[in-house]
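The values are calculated or read from the model by the stated rules, or taken from the named source; none is laboratory data. In this text the structure is predicted, and so the values were computed from the model without any measurement. Positions of Cβ are generated from backbone atoms using ideal geometry, with glycine treated the same way; all protein chains shown enter the neighbour counts. Surface areas here come from the heavy atoms of the whole protein model, side chains and all, with no ligands, DNA or RNA. Shrake-Rupley method; radii C 1.70, N 1.55, O 1.52, S 1.80 Å.
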Amino acid sequence: MSIQYREPDSMLLKVAEQILQKGTLALCAVVPDVRRSYNRKTYACPIEQKYHADGPYDVGYVRMKNLHVFLPETGSDAPLPMVIMVNGTGLRALYYQPVFEHLASWGIIAVGNNDSNAWSGQSALQTLDAALACHRQEGNVLFKRIDTARIGIAGHSQGALGAINAAAANTQFKVLYAASCPQPRLAKRLNWHCRMGDVRIPTLMACGTEQLERLIAPMDSMRSLAQQLPQDVPLVLGQLIGTEHRFVLHEGDAYMTAWFRYWLCGDTVAQAAFMGENAEMTRNPRWQQKDIIRRNLAENARK
């Protein structure tokens, strides 16, 4: 059964709801809780387990002004795909360091910044521009290392909204991951605007099932956002069972990694998580099967 949002019955309940919503965002800012050991669990589904574990590459870290760059040590100078990560409320890139390192271990350059109010997507666009400038600068660690045709973007909570808005504004992004995007009612109260209807790239959205998550990013709201995407845009939308708001990013990290590995790297093992009648995500007991939506994911969808 999908979660149905109900209008609060009184002004007092409306005020209480707003306090809880904003308080949850504040809690996430204080306690993001992404531990280095987060991806050492064992999962029953093999594709989720594969991409939950670290990938084959060691990872280097470079700080360049406002950029935090996590670079796979592949032993080659060949250009690599890149993902820009967008921060949640009150957070900076290094709060998510284990997630950056994990993504980079799978051969994808992960880049973030220190913007803790990133809903507009503008700082993500600036980070993209700065990274591409480094790519063109001889002697820079990123010189000729970015495959400019393979760039993705990801974010959690307020950062999911920022990722959506950045993806809507710049066609250099080729794939999107948005976790626990704040529902439109909350975003409107905070004067945050969402350009989901302008997104034209493959999109994976995720949310959790627990109480605070239902205040910030209920499944009904995620469905409503997903419906704003044009019908020809590849889409997967799923709900993590028993997962609270501040845990959705790293608890869903395996399929986020697989999503980027498929669309940016052509990884056919990762593809099987989402595509086909027996797609792993649809039969994974950690994900609420009846709330998983897949659309336009034909075998030839990747171009």
Query raised in the report: Gly266: touching a helix residue (DSSP H, G or I) at 6+ places or on another chain (Cβ under 8 Å), small (Gly, Ala, Ser) and modelled with pLDDT of 95 or more, yes or no?
Result: no
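Rundown of residues vs (1) surrounded by 23 or more Cβ atoms within 10 Å (Cβ to Cβ); (2) under 27 Å from Arg200 (Cα atoms), yes/no style:
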{"site": "Arg92", "(1), (2)": "no, no"}
{"site": "Ser105", "(1), (2)": "no, no"}
{"site": "Asp129", "(1), (2)": "no, yes"}
{"site": "His135", "(1), (2)": "no, yes"}
{"site": "Val141", "(1), (2)": "no, no"}
{"site": "Gly152", "(1), (2)": "yes, yes"}
Query raised in the report: Say we look at the stretch 208-224 and pick out the residues that are out of contact with any Ser or Thr (no Cβ under 7 Å at 6 or more places or on another chain) and without any contact (Cβ under 8 Å) to a residue 60 or more places away in the chain; which of these is least open to solvent (accessible area, probe 1.4 Å)?
Result: Met222
Requested in this report: Might you let me know whether the stretch 225-241 holds any residue that is assigned to a loop (DSSP other than H, G, I, E, B), open to solvent by 10 Å² or more (accessible area, probe 1.4 Å) and β-branched (Val, Ile, Thr)?
Outcome: yes
Requested in this report: Scan the stretch 174-187 and give yes if some residue there is assigned to a strand (DSSP E or B), under 13 Å from the mean Cα position of the chain (by Cα), modelled with pLDDT of 95 or more and among the small types (Gly, Ala, Ser), otherwise no.
Outcome: yes
Report summary line: If we ask which residues in the stretch 65-88 are touching a residue at least 40 places away in the same chain (Cβ under 8 Å), outside any strand (DSSP E or B) and surrounded by fewer than 24 Cβ atoms within 10 Å (Cβ to Cβ), their number turns out to be 4
